[in-house]
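The values are calculated or read from the model by the stated rules, or taken from the named source; none is laboratory data. No experiment lies behind these values; they were computed from the predicted model shown. Virtual Cβ from ideal backbone geometry, glycine too; neighbours counted across all protein chains shown.
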Amino acid sequence: MTRTRRIEWLATLLMFVGIAGCGKSEEPAPSAAAPNAAPAAASNSPGTSLSKGSSASASPSAVVPAAAVRPVVQADPIVQVHTSVGDLYVRLYEKQAPRTVSNFFDYIRVRHYDGTIFHQIDAGYVALGGSLDQQRQPKSVRYPIPNEATNGLKNVRGSAAMARDPQNIDSATSGFFFNLADNPKLDHRGTTPGEYGYCVFGQVIDGLDVLDKLSSAESGKVVILGVKLMPQRDNQVLPAQYQSNDAARR
C-alpha cells in the first residue's frame, strides 16, 4: 500500500470512529444524596418553597421537613345561643371545666334548651335560664354534676356559669346563667356551700350588645330558641379583656 493510500485509509477510519462516538451518551455518576432527595410532590407542601434562581436539584436540606410545619391546634368549642333578643356566641372552657362542658353538650344534643326561658333576670347582676319552659314549668333534667368552681375561672361580665342550689355544692343540672357584671362574690372562696362558688364554663366572645338587651329585659320574656355547636376554626382567640389570666392556664 502506497503512502498516499495509507493516509486516506487512516482518515476514513477516524471518521467512522467519530460518528460512532457521537451516538453514545455518558451516564452521570450516582449522587450520594439521591436516596434522601425529596419527591417532586414535596415542592407543593406547606412551608416548602424554591427561591428565585433555584432549581429542582436543590439539596435535601433546602426542603422544610414535615416536623417544622406548624401543627393545627385544637380550638375551644364555640356555641351559638339563639335567643329572642339576638344571638350570643360563647366560648366553652373544655379544658378547665371538662365535666361541666360535657354535661352542657349532653343537653344541647337532646335540644333541651330549645324553648326554655331566662326566668330570673336581675339587671346588672345575672340572667338565669335553661331549666323552665315558656309556661314556667321545669323541664326534665339529668343527674347533678360535680362543681368545678375551683378551676380558676372568674365570674366576670359575659361569663357563663352553672346554677345550683346555694345550699348544695354539687347540685347543678341544666340551669346556667350569664354574669351581667363582674361578680367576684360568686367565685370560689372556700369549702362551705356559700363559699364554694359557681362554676364558670364559658365566656361570651360575640354578642355583648345582646347581653345588654337581656339585662334590661323582664324576667321570663326572653326565650332561648336553640343552642348549637359552631364549626371550629384554628384562629379562635379570646378577646384580651375577658378572662385575662387565660393564657397562664394553658
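Restricting attention to the stretch 115-132, the residues that are in a strand (DSSP E or B) and over 32 Å from the mean Cα position of the chain (by Cα) add up to 2.
For the structure I just gave you, tell me whether Lys228 is at pLDDT 95 or above, surrounded by fewer than 14 Cβ atoms within 10 Å (Cβ to Cβ) and either assigned to a loop (DSSP other than H, G, I, E, B) or not polar (S, T, N, Q) (or both). Spelling it out, Lys228 is indeed at pLDDT 95 or above, surrounded by fewer than 14 Cβ atoms within 10 Å (Cβ to Cβ) and either assigned to a loop (DSSP other than H, G, I, E, B) or not polar (S, T, N, Q) (or both). Give the residue that is modelled with the lowest pLDDT, with candidates limited to residues of the stretch 188-207 that are in contact with a strand residue (DSSP E or B) (Cβ under 8 Å, 6 or more places away or on another chain) and not in a strand (DSSP E or B). Per the stated criteria, the residue is Gly207.
Can you name the residue in the stretch 133-187 that is basic (Lys, Arg) and assigned to a loop (DSSP other than H, G, I, E, B) and, of all such residues, is farthest from Asp114 (Cα to Cα)?
The initial filter retains those residues of the stretch 133-187 that are basic (Lys, Arg), namely 136, 139, 142, 154, 157, 164, 185.
This time we only want the ones that are assigned to a loop (DSSP other than H, G, I, E, B), so: 136, 139, 142, 154, 157, 164.
Values: Arg136: 14, Lys139: 11, Arg142: 16, Lys154: 27, Arg157: 24, Arg164: 20 Å.
Here the answer is Lys154.
Within the stretch 155-195, the set of residues being touching an Asp or Glu at 6+ places or on another chain (Cβ under 9 Å) and free of Cβ contacts under 8 Å to residues at least 24 places away in the same chain comprises Arg189 only. Out of Gly86, Gly129, one residue alone is farther than 26 Å from Thr192 by Cα, surrounded by 14 or more Cβ atoms within 10 Å (Cβ to Cβ), at pLDDT 95 or above and of a type in the set (Gly, Ala, Ser). It is Gly86. Can you name every residue in the stretch 179-222 that is under 27 Å from the mean Cα position of the chain (by Cα) and among the polar types (S, T, N, Q)? Answer for the stretch 179-222, where residues must be under 27 Å from the mean Cα position of the chain (by Cα) and among the polar types (S, T, N, Q): Asn179, Gln203.
Restricting the stretch 193-209 to residues that are buried (at least 21 other Cβ atoms within 10 Å of the Cβ) and of a type in the set (A, V, I, L, M) leaves a set whose member that is nearest to Thr100 (Cα to Cα) is Val200.
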